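A short worksheet on the structure shown next.
The values are calculated or read from the model by the stated rules, or taken from the named source; none is laboratory data. In this text the structure is predicted, and so the values were computed from the model without any measurement. Here the Cβ is made from the backbone with ideal geometry for all residues, glycine too, and neighbour counts use every protein chain on show.
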Amino acid sequence: MAEVRVGVVDSGHAEIQAGAVLAGQRFCLADDGLDRLPLATDALGHGSAVIQAILFRAPQARFSVAQVFDGRGVTSPLQIAAALQWLGGQGVRVVNLSLGVRQDRPLLREAVAELVAAGVLVCASSPARGEPV
């Protein structure tokens, strides 16, 4: 099976998964907007679990990891949109968004639309109660 490049917008990756990670960027809120920093340890473990699940089904997958969550599991639409835009330049064919927002955000809709227009498959979770995404 051919290698596929997957973008993961989440909390990071486990150290043991580093061999499958080709690129990584952390997106943090700052007083003047947004900072882009090197990846930090995956304090939540959620991103690591997502990557492990993908590797279980597609061992040849390689990842670009966009870390958007802080240690409390908090993020913002600005961080997510910046991560999606960054992934658009990473050559990913698939993007995983195992996260949710409670309201429609034009910023996110536009970032996803750009990826879809470029032929990227965007996979996003839906709310646990079955509400609209």
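For the stretch 56-72, does any single residue satisfy the condition of being farther than 11 Å from Gly7 by Cα and not in a loop (DSSP other than H, G, I, E, B)? Yes, that holds for at least one residue. Looking at the stretch 11-21, is at least one residue loosely packed, with under 13 Cβ neighbours inside 10 Å and of a type outside the set (Gly, Ala, Ser)? Yes, the stretch 11-21 contains at least one residue that is loosely packed, with under 13 Cβ neighbours inside 10 Å and of a type outside the set (Gly, Ala, Ser). Of all the numbered requirements in (1) among the small types (Gly, Ala, Ser); (2) on the phi < 0 side of the Ramachandran plot; (3) in a loop (DSSP other than H, G, I, E, B), Gly12 misses one, and that requirement is (2). Among the residues of the stretch 39-81, the ones that are surrounded by 15 or more Cβ atoms within 10 Å (Cβ to Cβ) and charged (D, E, K, R) come to 3 in all. Does Gln52 meet the test of being of a type outside the set (A, V, I, L, M, F, W, C), assigned to a helix (DSSP H, G or I) and more than 12 Å from Val9 (Cβ to Cβ)? So Gln52 passes the test. Taking each residue of the stretch 6-25 that is of a type in the set (Ser, Thr, Tyr) and looking for partners that are part of a strand (DSSP E or B) and surrounded by 24 or more Cβ atoms within 10 Å (Cβ to Cβ) with beta-carbon atoms closer than 8 Å, six or more apart or interchain, yields Ser11/Gln67.
Tell me, please, whether a residue that is in a helix (DSSP H, G or I) and modelled with pLDDT under 95 can be found in the stretch 86-106. Among the residues of the stretch 86-106, at least one is in a helix (DSSP H, G or I) and modelled with pLDDT under 95, which makes the answer yes.
Evaluating Ile51 against the criteria (1) without any contact (Cβ under 8 Å) to a residue 12 or more places away in the chain; (2) in contact with a strand residue (DSSP E or B) (Cβ under 9 Å, 6 or more places away or on another chain); (3) aliphatic (A, V, I, L, M) leaves one unmet condition, (1).
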